[in-house]
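Below: the structure, in structure tokens.
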Amino acid sequence: LVVNSMKMEHVIKAEISGVVKQIMVQPGVTIPEGAALLYIEPADVERTDTGDAVELDYETPRPDLAEVIRRRALTTDEARTVRIEKRRKQGYRSTRENIDDLCDEGTFFQYGSLAVSPGYPGIGIDELLDYDASDGMVMGLAHINGHLFDETRSRAIVMAYDWTVLAGTQGFNHKLKDRMYLLADELDSPLVLFAGGGGGRAGGGSMAGKSAAASNRPAAPAAAAKKEGSAQSEWTGPIPSGISGMHCDSFTWMAKLHGRAPMVGITAGICFAGNAVLLSICDVIIATADSNIGVGGPAMIEGGGLGIYRPDEIGPMSVQVPNGVVDIAVEDEFEAVAAAKKYLSYFQGSVDDWECADQNLLRHAIPENRLRVYDIRKLIETLADTDSVLELRAGFGLTMITALARIEGRPVGIVANNTVYKGGAIDSDGADKAARFMKLCDNFNIPLVTLDDCPGIMVGPEDEKTALIRHAGRMFIVGANITVPLITVILRKSYGLGGQAMGGGTHSLPHTIVAWPTSEFGPMGLEGQVKLGSIATLQAIEDPVERQATYEKLVADLYYRGQGIWAAHGYEIDDMIDPADTRKWIMAGLKAQPAWKTQGKPKGQIIDAW
């Protein structure tokens with residue numbers, strides 16, 4: 001018998017063999033508790049049916065599963081060949097190809113693979129799954145760099161706009177993204193976002209998910225709707241279900257993840273409006289050479305009466321790299337994914353296998369001529385583990401170098417002065433670049449190494465126009481409040497407030513502060529000290545040749561007294577070291593730290609978008 005209880009069918013089987021003699025119940029009649037259902041006379045009876053002994057085919061999907069598989073297949077690259085090939089002809093990979101390249105093989109599990117926008121009436125499901133696959137948002141759980149780190153450290157959340165779906169625009173997929181943001185909040189997982197796309201979506205598939213025409217609200221009576229003398233049109237239709245779209249939570253949910261775990265933004269091609277704002281929330285922005293990043297696209301610009309522009313004229317890399325928007329500029333999507341994996345690796349921990357260059361090369365990294373510039377990037381490459389350096393914002397704030405690297409497999413952040421530009425003095429852009437990088441490293445417990453060759457904070461009327469004093473102050477504010485280990489190596493010049501800023505604000509702040517034999521110290525640049533302190537003496541000398549000779553002697557005397565060796569004698573530094581031993585000193589400082597300073601959870605601090 002089959003008994004229906006609470007809308008569920010319960011099969012009741014006889015426990016003996018026999019013949020049914022009397023049935024006590026009728027179909028559709030409620031059975032009281034304890035009632036007899038039927039009577040059976042025991043007997044040896046041969047079964048005439050097969051009962052439940054049905055041989056199941058575990059290899060062939062049942063019809064319900066087969067339909068799920070069929071529909072999901074419609075969203076794949078193999079099924080959507082026309083759209084995918086169009087994207088490839090434009091020089092790009094498909095969204096899923098980028099994800100497959102980023103994630104460890106077999107680890108990406110997509111959320112919302114069958115999701116489609118409800119805003120397209122009259123379109124069949126098969127056509128909709130092709131046209132609006134996942135509403136343009138491919139997302140899910142994955143692991144990245146699993147060959148280097150265990151499953152706890154390699155886990156990640158990956159989200160990618162699909163350009164083949166309505167140009168990667170935003171609509172119903174806000175609902176999908178919000179699900180991922182809440183999951184990232186729960187898991188504290190790194191997030192990688194492929195952000196390229198056209199911004200907010202007009203027309204079908206709107207954020208509201210339904211059109212105003214679908215409303216069944218009654219229209220207001222015409223006579224009541226119109227006031228005498230009113231220029232407003234008479235509205236007799238339904239009240240729209242959505243007006244501004246400003247109740248979209250996606251931007252807030254993503255911003256709330258800030259500082260909880262690394263967030264990496266990648267873009268290729270155009271990235272406008274809402275897509276660009278999501279990109280801006282990420283800790284680091286990786287962009288291909290043909291990227292265009294803009295707060296608004298051509299339609300918005302033209303609509304605002306600001307002119308007519310092609311997409312490639314808005315926010316090209318010739319603008320967004322030198323102005324600091326882009327952290328890592330790459331050639332194409334292949335390099336973008338490789339950079340994302342490398343960037344994430346520093347936040348995933350230390351590695352066991354490493355190599356480094358011959359450290360004796362550092363003994364000649366600084367020219368003997370104290371006025372000669374040199375290649376600080378080459379020096380950093382020599383100091384760090386081989387192929388471990390990843391520079392951030394290389395085209396912006398040229399007076400400073402900020403880079404992630406490894407020393408004996410351990411991740412470190414490096415801040416260095418670049419003497420090729422303004423002598424390595426700290427200007428507004430350089431200060432912003434260094435301060436934000438220091439906050440990034442501090443939040444994620446990455447120790448900092450500063451390589452000091454700083455003649456001071458930049459001076460002059462033109463630099464003051466950039467609000468230099470406020471920007472330079474950021475380095476002191478951030479430096480005074482970081483808790484990660486800070487190790488300062490003075491390569492050459494360390495003068496004035498700029499030299500102090502490179503040490504976190506004061507040379508008593510670093511956990512370790514050492515200097516190379518080429519180092520020199522002073523409250524300000526030697527030349528400035530002489531001109532200020534000996535102005536009367538120099539002006540009293542009428543012969544210009546004699547005056548210049550006197551000036552040079554005074555500078556030489558100051559240089560002799562300011563040499564690093566005297567700072568070591570006066571214990572203003574921890575030691576004067578052989579440049580070849582720099583890595584050893586850095587490691588000694590790192591190994592002395594308690595684990596919570598370099599291995600603890602992210603602090604959840606706000607890292608300036610700028």
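The values are calculated or read from the model by the stated rules, or taken from the named source; none is laboratory data. Here the structure is a predicted model, which is why all the values come from computation and not from measurement. Here the Cβ is made from the backbone with ideal geometry for all residues, glycine too, and neighbour counts use every protein chain on show. Accessible surface areas use protein heavy atoms only, side chains included; no ligands, DNA or RNA. Shrake-Rupley method; radii C 1.70, N 1.55, O 1.52, S 1.80 Å.
Per-structure values
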item: Solvent accessible area, Å² - V2, 1.4 Å probe, full protein context; result: 90 Å²
item: Residues with amide H under 5 Å from that of I426, placed H, sequence gap 5 or more; result: G456, I457, M458
item: Cα gyration tensor shape of the range 28-150, rounded if a/c is under 1.5, else prolate or oblate by comparing a/b with b/c; result: prolate
item: Per residue, the convex hull volume that the Cα atoms of the range 352-455 enclose (Å³); result: 87 Å³
item: Cα centroid of the range 279-326 to Cα centroid of the range 12-42, whole Å; result: 77 Å
item: Built amide H within the under 5 Å cut-off of I266, gap 5+; result: L193, F194, A195, I286
item: Calculated diffusion of the chain, Stokes-Einstein form, Kirkwood radius summed over Cα pairs, 20 °C and 1.002 mPa s, µm²/s; result: 73 µm²/s
item: Over the range 483-529: Kirkwood hydrodynamic radius from C-alpha pairwise inverse distances, Å; result: 10.9 Å
item: Helical contribution to [θ] at 222 nm, DSSP H n ≥ 4, -39,500 (n - 2.57), averaged over the chain, rounded to 500; result: -9500 deg cm²/dmol
item: List K177, K341, K13, K422, ordered by accessible area with a 1.4 Å probe, largest first; result: K13, K422, K341, K177
item: Distance in nm between pseudo-label sites at L1 and E355 (7 Å out along the Cβ direction from Cα); result: 8.1 nm
item: ³J(HN,Hα) computed for each position of the range 327-344 - Karplus, 6.51 cos²θ - 1.76 cosθ + 1.60, integer Hz, glycine/proline x; result: 7, 10, 8, 10, 7, 8, 5, 4, 5, 5, 5, 4, 5, 5, 5, 5, 4, 4
item: Protein-only accessible surface order, largest first, of F437, F108 at 1.4 Å; result: F108, F437
item: Cα-projected label distance for A43 with R72, points at 7 Å along beta-carbon direction, nm; result: 5.2 nm
item: Using θ = phi - 60° and Karplus 6.51 cos²θ - 1.76 cosθ + 1.60, couplings along the range 563-571 (whole Hz; Gly, Pro as x); result: 4, x, 4, 6, 5, 5, 4, x, 6
item: Residue-normalised accessible area of the chain, expressed per residue, 1.4 Å probe, Å²; result: 52 Å²
item: Residues with amide H under 5 Å from that of G200, placed H, sequence gap 5 or more; result: Q170, G274, N275
item: For the chain, share of DSSP beta bridges that run antiparallel, in % to the nearest 5; result: 45 percent
item: Net charge of neighbours whose Cβ lies under 9 Å from the Cβ of E355, counting Lys and Arg as +1 and Asp and Glu as -1; result: -3
item: Cα centroid separation - the range 564-581 against the range 112-157, whole Å; result: 57 Å
item: ³J(HN,Hα), Karplus 6.51/-1.76/1.60, whole Hz, each residue of the range 171-180, x for Gly, Pro; result: x, 4, 5, 4, 5, 5, 4, 4, 4, 5
item: Average Cα contact separation per residue, the chain, under 8 Å, 6 or more apart, as relative contact order %; result: 8 percent
item: Entries of K256/K601; K341/K439; K341/K433 with Cα pairs more than 19 Å apart; result: K341/K439; K341/K433
item: Whole-Å semi-axes of the range 457-610's equivalent ellipsoid (Cα gyration tensor); result: 36, 22, 10
